[in-house]
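The values are calculated or read from the model by the stated rules, or taken from the named source; none is laboratory data. Being a predicted model, the structure only gives us computed values, none of them experimental. Every residue, glycine as well, gets a Cβ built from its backbone with ideal geometry; the counts of neighbours run over all protein chains shown.
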Amino acid sequence: MHRFIPVSLWVATLSACTPIDQGPIEQLPAGPLPVQRGTMTSQSLADEVDAAVLGLLEQTGKPGMSVAVFGPGQVLYAAGYGWADLASAEPMTPETPVLLSSVSKTFIAVAAMQGQEAGRLSLDSPAGELLGFPVDNPYVSGEVISLRHLLTHSSGLRDSMVYPYSYTEGDPEVGLRAFLFGYFTEGGEHWTPANYARALPGDAHAYSNTAAALGALAIAEAASLEFLDLVDRDILQPLGMVHSAYHLRDQVLQPATPYATVRSGFRPWAQYGYPTYPDGMLRSGAEDLARFGAAVLGGGSLDGVQILSTASVDEMLAPQPVTIPEDSPLGDSQSIIWYERPVDDYAFIGHSGGDLGSFTELWLERERQAGVLLLFHTVPQDEAEVDAVLDLETRLIDLVTEVSP
């Protein structure tokens, strides 16, 4: 079963609200799309993956993307295809940072489980106790919003129209804590009753970027660190993710230019950010992100480094007691941030993401012991393009099981 993900609708809403400038229309450089290979464990696997990915790019006309496939604790192949920047004809490489959008949230999940392992918090800790300020839904009384509620989109906290207006060109000037305190504290600069649903915690599943970011802040407060420093210390550095960072000022490599597809070409967005950076602002390349995915698929271990116990990985990926609405585009079950998305007979668990000039996919198929990620710097234009992406993902999972050593 293919299920359409309304990325284009979400991005259209953002486009109408965010104060981000766009440059003049650009065209694809002449000639064949370049292919830049990274880690490669099998020539035949690389050849088959290249053929499948180039077929998708030819079908959709996208300017570029990066891809990786991986197994438990092992990156099998990573590559960049096409162009990271059209004006300079800079090719996409497997190291080129791409805005991960909501795939960034999977790092919140791992950080939460690490905090629980270290004894700094529990998934059932009241969020207000971790944050040091109360989180109170004005529509209900006596509720206790836990970290688990925040990380399973069942807290009753919502994204109002305040959220897209927080986008800014370059790095955000407002801090994570300052923004969220002003968003969820009555009388705060960003507070409005529209920031809340009329629901008790645990009663309703409603995807919320701000709730996930609030969870990240709570996790960081428990560790007495900024969230980006916590992730760098406990995830990025141990896994050797040397080309990954939340802020533009911390990037080692130039990130891919985000593009909007228009009838006559591609319009670049300015590089941008927002205060709730944990919910979507990590920029990472296919090579780096594959190391993260391989570690999770490998029971928390990669190259002899254990970032999580196998028990914590299992707990993180286990379905939570949250009822998913039948019309939800997200999947069939909600885990700690991660969610299950059935595609035909594949039981994918992972996350997708969509933002201005960003469409990202990170999926594990635990039964087949294989994983795949796709990073685009444009978004799908219609359901047919999304279906083509899903077909590519299942094809790449098959290649891992059929061709990889």
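When the stretch 344-377 is filtered for residues that are surrounded by fewer than 24 Cβ atoms within 10 Å (Cβ to Cβ) and among the hydroxyl-bearing types (Ser, Thr, Tyr), the ones remaining, listed by number, are Tyr346, Ser352. Only helices (runs of 4 or more DSSP H) whose full extent lies in the stretch 152-241 are considered here, and the ones with at least 3 residues that are farther than 24 Å from Ile307 by Cα are 176-184, 209-223. Here Ser166, Ser160, Ser154 are screened, and the one residue that is touching a residue at least 60 places away in the same chain (Cβ under 8 Å), under 23 Å from the mean Cα position of the chain (by Cα) and more than 26 Å from Asp229 (Cα to Cα) is Ser154.
Looking at this structure, is Gly300 more than 18 Å from the chain's Cα centre (by Cα), without any contact (Cβ under 8 Å) to a residue 24 or more places away in the chain and buried (at least 19 other Cβ atoms within 10 Å of the Cβ)? Here the answer is yes, as Gly300 does meet what is asked.
When you check Pro34 against the structure, is it modelled with pLDDT of 95 or more, surrounded by fewer than 18 Cβ atoms within 10 Å (Cβ to Cβ) and within 19 Å of Val98 (Cβ to Cβ), yes or no? Yes, satisfied. The test for being surrounded by 15 or more Cβ atoms within 10 Å (Cβ to Cβ) and touching a residue at least 24 places away in the same chain (Cβ under 8 Å) does not hold for Ala194. I need the strands (runs of 3 or more DSSP E) fully contained in the stretch 12-111, keeping only those with at least 2 residues that are under 21 Å from the mean Cα position of the chain (by Cα), closer than 20 Å to Val389 by Cα and of a type in the set (A, V, I, L, M). Correct list: 64-71, 74-85.
Regarding Gly23, is this residue touching a His at 6+ places or on another chain (Cβ under 7 Å) and not acidic (Asp, Glu)? No: the conditions fail for Gly23.
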